[in-house]
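Enquirer: Have a look at this one.
A short reminder: the numbers here are calculations on the coordinates, not readings from a lab. Keep in mind the model is a prediction, meaning the values are calculated, not measured. Methodologically, a virtual Cβ is constructed for each residue, glycine included, from the backbone with ideal geometry; neighbour enumeration extends over all protein chains shown.
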Amino acid sequence: MTPDRIRQEVSAWLDANWRIDRPLIEWREILLEGGWAAPHWPEEWYGRGFTLDQTAVVAEVFRERDAVPAAQVGPRGLASETILACGSDDQKRRFLRPILTGEHTWCQLFSEPGSGSDLAGLSTRAEMKNGKWIVNGQKVWNTSAHHADFGLLVARTDWDVPKHQGISYFLLDMRQAGVEARPLRQMNGHQSFNEVFMTNAVVPPEDLIGGEGNGWHVAKTTLSFERRGFSRRVRGSSIDGPKQGPIYEEYEEELRIAAEPYTWYPQREGRVDLVLPRARETGAINDPATRQEIAKLICLYTGARLASDGAEARRKAGTTEIIPAGSIGKLAASVIARQASVVHTMISGADAMLSGPDSAADGIIAEVLVSVPAISIAGGTDEIQRNIISERVLGMPKGFRADQGPFRDIKRNA
Amino acid sequence: MQTEFSKEQNLLRDVVSRALRDKSPATAVRELMATDRGYDPAVWQELCGDAGLAGVHVPEVHGGAGGGAVELGIVAEEMGRTLFCGPWFASAVMAGTALLEAANESDREELLPGVADGSTIATLVLDDLDDPAGVGGSITATANGTLTGVASMAVDAHVADLLLVVASGTGVLGLHAVEGGASGLAIEPLQVVDPTRKLSRVAFTGVPGRHIGEVTGDTLNRIWDRICSALAHEMMGGAQHLFETTVSYTKERFQFGRPIGSFQALKHRCADLLLEIEIARALTHHSARCLDSGEGEPCAASMAKAAAADAYMSAARAGIQLRGGIGFTWENDTHLWFKRSKGSEVLFGTPAIHRERMMTMLEGAA
């Protein structure tokens, strides 16, 4: 279907159905029935089999009309895409609808205190007892876990096979006695994540997804959606400006809760946008040494943007791109953020000792200085990105591995 | 503004790349760099006379192929990849650009065709190779065009049939044409770090010259930008060659029972280098597109020159270091690119000078 045709259809449908005086859930039920909740999904599951580009046209019309879309922000987007890709029909029937309507929120239960970069080395245990899976272990870095209804859980079900083969993937009911989420405070003072403790938590057998021992494959599916930005839609999806009407109040609240963990994310990227204004304001723009560092930052920032635009254009033109733009872009973001942090420090001088309302830009600069260390860790450390780039792009040989054979015999954290 | 190379441009790159791999292997580079002349006239005739590589950026009316900074950059990149030895950069890039930007129409008509088809070897003589702001003062011209003064370094002047000299006279700087064999001209070859690019000291003692155009500050900056963009391309070609050969080497060299490329210390250095090269190359290609379209950042050429120089030196340092002791020998080819990198880093402005130039363009002088 052409973009124009899509625009016409969506507009006509919104003319007939969109009203601002409906409760949010009721509107979303209508949206689901109409087939506009997730147009890139297959027809039998609320969608129309659209491409992502076609789906973007639908989203554009919704934005123009200030019409509220389906709930796709935050980790629930990862849940729905994973269930759609790997789940049984029964799981799709039970879980997809309340995700799209916004009734259920989700979290991701992947990383563990003993298993960060080496996710497949996880040691949360799931055992079948009396027809149910019993889960024991601890997870960490779980965004939104403190209010989530369900969790995407990877746990070890077989300790006698190589590590990737003994993992299973579960849909965990978070509202049970055996699951406890505790907020985790970060070095920048924010609490964007949780630790989740599972003590004899129960999963019914029908909530195992993708089959026993096949969890690594399902986890890779989730991670591929995460890399493609399905969990971060939150930033682009808000309706511009406050809108009058009951449905907007509910929707804005949903967005606010989903966006809350990410308020400091612009700071971890270094706030390059504030460099020149701050340098002018403080007079640091006249310092030769600072000018050199600002110029380096501008070169990095401009060059990385041009390189990524080029990769994107080649992708659209269908050229086979051997460069994994994700890993290179992520490494570039770290380099840029670190250089921005250096420059902000030079500009502020001794004032960089202050934070909060006492400091420059109402604490934003101070927050940059203590948030930038996160960018080279979150979502795969720089070191892991360098491994990916050197092995997959440059074809350099893999190093010696000490984690072959049965997982039981592999050395791991106590 | 164009953001990708066109089919024709990719084709040009393929043709130039094949020709240079054939005509400028490392053995030829080693042979030519040891000679005083520094190039092979037969190869020069094939590449410039027959294939037209000195005129890719020259308008068709002046005997060129009618391309722009992008086409010039493509050729420069391939020249840099193979360390082509010859006066192409001096003649096509430096002198060609000076003629295009500063010469009067009638002088362009007279002089450009020879440069474009390689029958004239020209160079641009400046009394400062660090900063356009420093040009002028050391060479002066009288009202009738007689030149006196010294340029402490000039690229490939020892083989030039035509020297284009920027000299001060009455009022703004002027561009002057001087014949290679003119009386009073003393060209003294200099000992250089990078023997693939020959430098000479050029002294003028009442040398007869011809005023062929005015060089305002803006003109000089435009010339500087175009030369720096082409030089950045040349550097990226060299950086890419070093990067590819270095990564290959780490896969072949065994120590401790493993290819050294399996050690993370080397893998991570290579990944960082890839990133630095990708960023510098994007800025470099962008600089040519800005020059051709007249759009984009005014400081694009300085960004490119600074980033390309740093990336080339990073690749050169890694090229030596990752080869260990072998990389430090004369027999191994890596030092040839290392030296070209060092020379290019400082020719037409160090990275620091270009960063300051870019900040001045963005924010005004400090």
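Enquirer: Select from B:26, B:103, B:90 the residue whose mean-square fluctuation is largest in a Gaussian network model of chain B (Cα-Cα springs shorter than 10 Å).
Expert: B:26
Enquirer: Around residue B:102, with a cut-off of 12 angstrom between Cβ atoms, what is the net charge of the other residues, counting Lys and Arg +1 and Asp and Glu -1? Could the numbers behind the result be given before it?
Expert: Values: positive: B:108, B:222, B:226; negative: B:101, B:105, B:107, B:214, B:218.
Net local charge, residue B:102 excluded: -2.
Enquirer: Ok, one more. So how many Å³ per residue does the convex hull of the Cα atoms of chain B work out to?
Expert: Dividing the Cα hull volume of chain B by its residue count gives 135 Å³.
Enquirer: For chain A, what's the relative contact order in percent, using C-alpha pairs closer than 8 Å and at least 6 residues apart?
Expert: Working: 648 pairs, mean separation 59.2, N = 414.
The normalised contact order for chain A reaches 14 percent.
Enquirer: Could you please rank B:175, B:129, B:283, B:185, placing first whichever residue has the fewest other Cβ atoms within 10 Å of its Cβ?
Expert: Values: B:175 27, B:129 17, B:283 30, B:185 21.
If I rank by nearby Cβ atoms, fewest first, I get B:129, B:185, B:175, B:283.
Enquirer: Counting pairwise Cα distances across the protein assembly as shown, what percent come out greater than 36 angstrom?
Expert: Values: 168732 of 303810 pairs.
Considering the protein assembly as shown, 56 percent of its Cα-Cα pairs are separated by more than 36 Å.
Enquirer: Determine, for B:276, A:383, A:44, the number of other Cβ atoms within 10 Å of each Cβ, and report the residues in order from fewest to most.
Expert: Details: B:276 24, A:383 15, A:44 9.
Ranked by crowding around the Cβ, least crowded first: A:44, A:383, B:276.
Enquirer: Let me ask something additional. If you take all C-alpha pairs in region B:176-269, what percent of them are over 19 Å apart?
Expert: Values: 3051 of 4371 pairs.
When every Cα pair of region B:176-269 is considered, 70 percent fall beyond 19 Å.
Enquirer: Describe numerically, in nm with one decimal, the distance between label points set 7 Å from Cα along Cα→Cβ at residue B:150 and at residue A:103.
Expert: 9.0
Enquirer: Treat the count of other C-beta atoms within 10 Å as a stand-in for reagent exposure and order A:110, B:256 from fewest to most. Provide the component values of the computation, followed by the final result.
Expert: Working: A:110 22, B:256 9.
With the sparsest Cβ surroundings first, the list reads B:256, A:110.
Enquirer: Which of rounded, prolate, oblate describes region B:93-228, given a ≥ b ≥ c as roots of the alpha-carbon gyration tensor eigenvalues and a/c under 1.5 marking rounded, otherwise prolate only if a/b is larger than b/c?
Expert: Working: a/c = 1.19, a/b = 1.11, b/c = 1.07.
Cα axes put region B:93-228 in the rounded bin.
Enquirer: Which lysines, on any chain, are close to residue A:92 with Cα under 22 Å apart, when same-chain ones fewer than 8 places away are left out?
Expert: Those lysines meeting the cut-off are A:132, A:220.
Enquirer: Identify the residues of region B:46-83 with backbone N under 16 Å of a label point that sits 7 angstrom from the Cα of residue B:244 along the Cα-to-Cβ direction, or state none.
Expert: B:74-83
Enquirer: What does the structure give for B:263-270 when I average, per residue, the other chain Cβ atoms found within 10 Å of the residue Cβ?
Expert: Values: counts 4, 6, 0, 2, 12, 7, 2, 6.
Per-residue shielding by partner chains comes out at 5.
Enquirer: Per DSSP H run of n ≥ 4, the term is -39500 (n - 2.57); total these for the protein assembly as shown, divide by its residue number, and report the mean residue ellipticity at 222 nm rounded to 500 deg cm²/dmol. Working shown, then result.
Expert: On the way: 25 runs with 351 residues, N = 780.
So the helix-based figure for the protein assembly as shown works out to -14500 deg cm²/dmol.
Enquirer: When only Cα pairs under 8 Å and 6 or more residues apart are kept, what is the percent relative contact order across region A:330-414?
Expert: Working: 50 pairs, mean separation 20.7, N = 85.
Worked out over region A:330-414, it gives 24 percent.
Enquirer: Sticking with this one: Averaging sequence separations of C-alpha pairs under 8 Å and six or more residues apart, then dividing by the length of region B:7-116, give the relative contact order as a whole percent. List each step's numbers first, then the result.
Expert: On the way: 113 pairs, mean separation 34.7, N = 110.
With pairs under 8 Å counted, the relative contact order is 32 percent.
Enquirer: Can you find, among B:73, B:83, B:96, the residue farthest towards the positive end of the dipole of region B:1-116? Put +1 on the C-beta of Lys and Arg, -1 on that of Asp and Glu.
Expert: Going by the Cα projections, it comes out as B:83.
Enquirer: Considering every residue in A:385-395, what mean count of other chain Cβ atoms within 10 Å of its Cβ is obtained? Spell out each step's value before the answer.
Expert: Details: counts 3, 9, 4, 2, 7, 14, 4, 0, 4, 12, 4.
That average works out to 6.
Enquirer: Still on this structure: What average count of beta carbons from other chains do you get within 10 Å of the Cβ of residues in A:286-299?
Expert: Working: counts 4, 1, 5, 0, 2, 9, 6, 1, 5, 15, 5, 0, 7, 14.
Per-residue shielding by partner chains comes out at 5.
Enquirer: Amide H of residue B:153 versus every other amide H placed in the peptide plane: which residues, excluding those fewer than 5 positions away on the same chain, fall under 5 Å?
Expert: B:202
Enquirer: Still on this structure, please answer the following. Could you check which residue among A:246, A:266, A:183 shows the biggest mean-square fluctuation in a GNM of chain A with a 10 Å Cα cutoff?
Expert: Greatest mean-square fluctuation among the candidates belongs to A:246.
Enquirer: Here's something else I'd like to know. Take the Cα atoms of chain A, find their three principal axes, and give me the spread along each one in whole Å, biggest first.
Expert: Projected onto the principal axes, the Cα atoms of chain A cover 71, 63, 47 Å.
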